[in-house]
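**Student:** I have a structure here, written as structure tokens, and I will follow up with some questions on it.
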Amino acid sequence: MTKNRMPTLLITGFGPFPGAPVNPTTALARHLARLHRPALADVRLVGHVFTTSYAAVDRDLPQLIARHCPDALLMFGVATRERRIRIETRARNALALLPDETRASLGRHVIQPGGPAAQRLPMPAAQLLAAARSARVPAYLSRDAGRYLCNYLCWHAAEAVARAEGPRLAAFVHVPPLPRTPGRLTAADLARAGEAILMAVAAAARR
């Protein structure tokens, strides 16, 4: 971060996709980008919702970074079988052949042919985990972001951080789908955990 410049946080979610007609990260990312808290008064928040497609990630992520010069990325995605908050610590060089929202598939099993098996997501994961749990929401650290769009975004975010002009930090948080029955995490739970995680990311971006 340039001295005396207000740190910028880019907060992203995804839209719907096959199997998830309602993606809770759409509303979550928009809520967090509009958040007003004294602890965030010195932070610029930028929100974006990706269409759940490979082309959208390839197009939008570089444009957002070039336009806003974020110090940190805070990305959210839904894991349809999850029941807890899952904080990812790395991106895998792996792809499923599942089609995206536009019915497109990259037609290969790796993101970067010949590339490393995984890339670390540079973010103080332990602090993010503690933040989520402080919001009374069950959470854990994960080393497997899957093989779909969430992992694809993680991979390209990690690449962006590795560039000299890119952000310094990148975090990805998987959330469960909204419940159809009682006893699961609600939208209010996700908002509370998301706010706590955002505060932790902002603190890391200031350092």
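The values are calculated or read from the model by the stated rules, or taken from the named source; none is laboratory data. What you see is a predicted model, and the numbers here were worked out from it, not measured in a lab. When we count neighbours, we look across all protein chains shown, and the Cβ atoms used for this are built from the backbone with ideal geometry, even at glycine. For accessibility, only protein heavy atoms count, side chains too; no ligands or nucleic acids. Shrake-Rupley method; radii C 1.70, N 1.55, O 1.52, S 1.80 Å.
**Student:** Quick one: which strands (runs of 3 or more DSSP E) sit completely within segment 40-92 and have at least 1 residues that are surrounded by fewer than 18 Cβ atoms within 10 Å (Cβ to Cβ) and among the aliphatic types (A, V, I, L, M)?
**Tutor:** Ranges flagged: 44-50.
**Student:** Given the options Arg163, Arg136, name the one that is farther than 27 Å from Pro16 by Cβ and either polar (S, T, N, Q) or in contact with an Asp or Glu (Cβ under 9 Å, 6 or more places away or on another chain) (or both).
**Tutor:** Arg136
**Student:** Still on this model: List the pairs whose first member sits in segment 124-142 and is among the polar types (S, T, N, Q), whose second member is not in a strand (DSSP E or B), and whose Cβ atoms are under 8 Å apart, counting only residues at least 6 apart or on separate chains?
**Tutor:** Note: pairs meeting the criteria are Gln127/Ala200; Gln127/Ala203; Gln127/Ala204; Ser134/Ala196; Ser142/Thr89.
**Student:** So, one more: Do we find a residue being assigned to a strand (DSSP E or B), touching a Ser or Thr at 6+ places or on another chain (Cβ under 9 Å) and buried (at least 18 other Cβ atoms within 10 Å of the Cβ) anywhere in segment 94-103?
**Tutor:** no
**Student:** Next question. Given the structure, is Arg120 under 21 Å from Met75 (Cα atoms), open to solvent by 70 Å² or more (accessible area, probe 1.4 Å) and among the charged types (D, E, K, R)?
**Tutor:** Yes; evaluated as a whole, the condition is true for this residue.
**Student:** So, of the residues in segment 123-139 that are closer than 20 Å to Thr12 by Cα and of a type outside the set (Gly, Ala, Ser), which turns out to be least open to solvent (accessible area, probe 1.4 Å)?
**Tutor:** If we take residues in segment 123-139 being closer than 20 Å to Thr12 by Cα and of a type outside the set (Gly, Ala, Ser), then Leu128 is least open to solvent (accessible area, probe 1.4 Å).
**Student:** Now for a different question. Scan segment 40-97 for residues that are among the aromatic types (Phe, Trp, Tyr) and closer than 27 Å to Leu185 by Cβ and jot them down.
**Tutor:** Across segment 40-97, the qualifying residues are Phe50, Phe76.
**Student:** Enumerate the pairs (first residue in segment 32-48 and over 12 Å from Arg206 (Cα atoms); second residue anywhere and outside any loop (DSSP other than H, G, I, E, B) and of a type in the set (Asp, Glu)) with beta-carbon separation below 9 Å, excluding pairs fewer than 6 apart on the same chain, so at least 6 apart or on different chains.
**Tutor:** Note: pairs meeting the criteria are Leu32/Glu195; Leu35/Glu195; Arg37/Glu195; His48/Asp60.
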